[in-house]
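So the structure is just underneath, and the comments pick up after that.
Taken together, the values in this text are just the output of simple stated rules run on the coordinates, not laboratory data. Model, not experiment: these values are computed from the prediction. With ideal geometry, Cβ positions are generated from the backbone for all residues, glycine too; neighbour counts draw on all protein chains shown.
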Amino acid sequence: MEISVWAGWIAGIAIGLFVISHFWLLGKPAGCSTGYGNLCGLMCRKIKFFRMGEYSNLNNSKLWFLIGIPLGGLVSALTSVDSWHLSFDMGMYDAILPQTYSAKAIWLIFGGMLLGFGARLAGACTTGHALVGGAMLNPPSLLAGVVFFGSALITTHLLFGL
Amino acid sequence: MMKILQKVNIFALIMGGLFGFLMSRAGATTYDYHAKMFLFIDFQLMEVIVTAVVVAMIGVFLLKKFQVHSIATGEQVDFVKKPYQQGLILGAMLFGIGWGMTAACPGTIPAMMAEGKIGAIFTFAGLLLGTMAYGVLQTYIHHEHPTK
């Protein structure tokens, strides 16, 4: 379905204010990918990594932040001009991704695995490193942000064959 | 029950909802905006992130200057920075490949599922598997196989 989108600068200001509000309300930086570890810890109790350190308490704000995201996405979809419906359409990507549903699914699972593994190996994702880390001018985050972007840029160019 | 209803978690739920809504309205949950940015066709998402980082930077400066205290904890806001860790560059490269392949990132995927995007369900499954793999690897390195 087509989501109604704001002008870039308006959405940017709103997201900037979100980052500030998150600091003010919760007292710490916002982040998304860490919460996936909470879900892993809840699903599989045997993996010690998801039972210690930052994962010693799984019922924390990282988990609840992640649970909140789809609620906001749903509100956005329901208030868009286009009505809510299920769709496997991927826009421009449909021209270059595998054409069968099963192959497309495998492609996306594999891409998702790279996102999940890469985010943990890098310590954070686009939100924690590029957005919030960038706002704090944290050197490792700026480095990660540049590599995220450069790597995705090269991948996209290879996929679209330009 | 009290633990589940902690104030911090309620705030986090609300902030997560706001984040999902804003990611969606920014166009970050729409596949084509990612391709268009990386192919230099449309800079919507670039405009979003640059504006957001600048606004947030000013906010962080002000919060620090006035030593603002957190509403949820009552303590001074912690501007803890993610440290450099071994594997950061490799991890960031893998992440970028995943970003290019799926036109999504960990923060947008839950919102995309709620928008009815079937593809996002598979990417979400992959995200859990990838995170799980990292946890298994770390557990193996540090616990099952302690260095002697």
Obtain the nm distance between the two label points defined at A:Leu17 and B:Lys81 by a simple spin-label model: each point lies 7 Å from its Cα along the Cα-to-C-beta direction. 2.8 nm
Anyone know which of B:Met113, B:Met132, B:Met101 comes out most mobile in the 10 Å Cα GNM of chain B? B:Met132
Can you tell me which of A:19-28, A:128-137 comes out highest on packing, and rank the rest after it, using the mean Cβ neighbours within 10 Å? A:128-137, A:19-28
Dipole of the protein assembly as shown [Lys/Arg +1, Asp/Glu -1 at C-beta], most positive-end residue of A:Asn38, A:Ala124, B:Leu45: A:Asn38
Listed residues A:Gly31, A:Gly118, A:Gly68; largest mean-square fluctuation, Gaussian network over chain A with Cα springs below 10 Å, found at A:Gly68
Which of these, A:Ser102, A:Ser151, A:Ser61, has the largest mean-square fluctuation under a Gaussian network model of chain A (Cα springs below 10 Å)? A:Ser102
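Would you mind classifying the range B:55-145 by shape? Square roots of the alpha carbon gyration tensor eigenvalues, ordered a ≥ b ≥ c; an a/c under 1.5 is rounded, otherwise it is prolate if a/b is larger than b/c and oblate if not. Working shown, then result.
Numbers: a/c = 2.13, a/b = 1.39, b/c = 1.53.
Oblate shape, in that a/c is at least 1.5 and b/c is the bigger or equal ratio.
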Listing B:Leu62, B:Leu127 by rising number of other beta-carbon atoms within 10 angstrom, fewest first, gives B:Leu62, B:Leu127
Computed helical MRE - 222 nm, chain B, DSSP H runs ≥ 4 contributing -39500 (n - 2.57), nearest 500: -20500 deg cm²/dmol
Can you give me the distance in nm between label points at A:Glu2 and B:Ile10, each placed 7 Å from the Cα along the Cα-to-Cβ direction? 4.0 nm
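Set the Förster distance to 22 Å, then compute FRET efficiency between A:Met52 and B:Thr73 from the Cβ-Cβ distance, nearest 0.05. Don't skip to the answer; put the middle values down first.
Working: r = 22 Å, r/R0 = 1.02.
The formula returns an efficiency of 0.45 here.
Which shape class, rounded, prolate or oblate, goes with the range A:1-87 when its Cα gyration tensor gives a ≥ b ≥ c as root eigenvalues, a/c under 1.5 marks rounded, and past that a/b bigger than b/c marks prolate?
Oblate shape, in that a/c is at least 1.5 and b/c is the bigger or equal ratio.
Please report, in cubic angstrom per residue, the volume enclosed by the convex hull of the alpha-carbon atoms of the range A:90-162.
Expressed per residue, the convex hull around the Cα atoms of the range A:90-162 is 94 Å³.
Kyte-Doolittle cut-off 1.0, length cut-off 30 Å along the helix's own axis using Cα: show which whole DSSP H helices in chain B pass. Could you put the intermediate results ahead of the total?
Details: long enough: B:44-65 (32 Å, 1.81); B:118-139 (32 Å, 1.49).
In chain B, the long hydrophobic H runs are B:44-65, B:118-139.
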What is the Cα centroid distance between the range B:35-54 and the range A:2-67, reported in whole angstrom? 22 Å
How high is the FRET efficiency between A:His85 and B:Leu90 when r is their beta carbon distance and R₀ equals 30 Å, given to the nearest 0.05? 0.15
At 0.36 nm per residue, minus the direct Cα-Cα distance, what do A:Arg45 and A:Phe160 gain on full extension? Give it in nm, one decimal, please. 37.3 nm
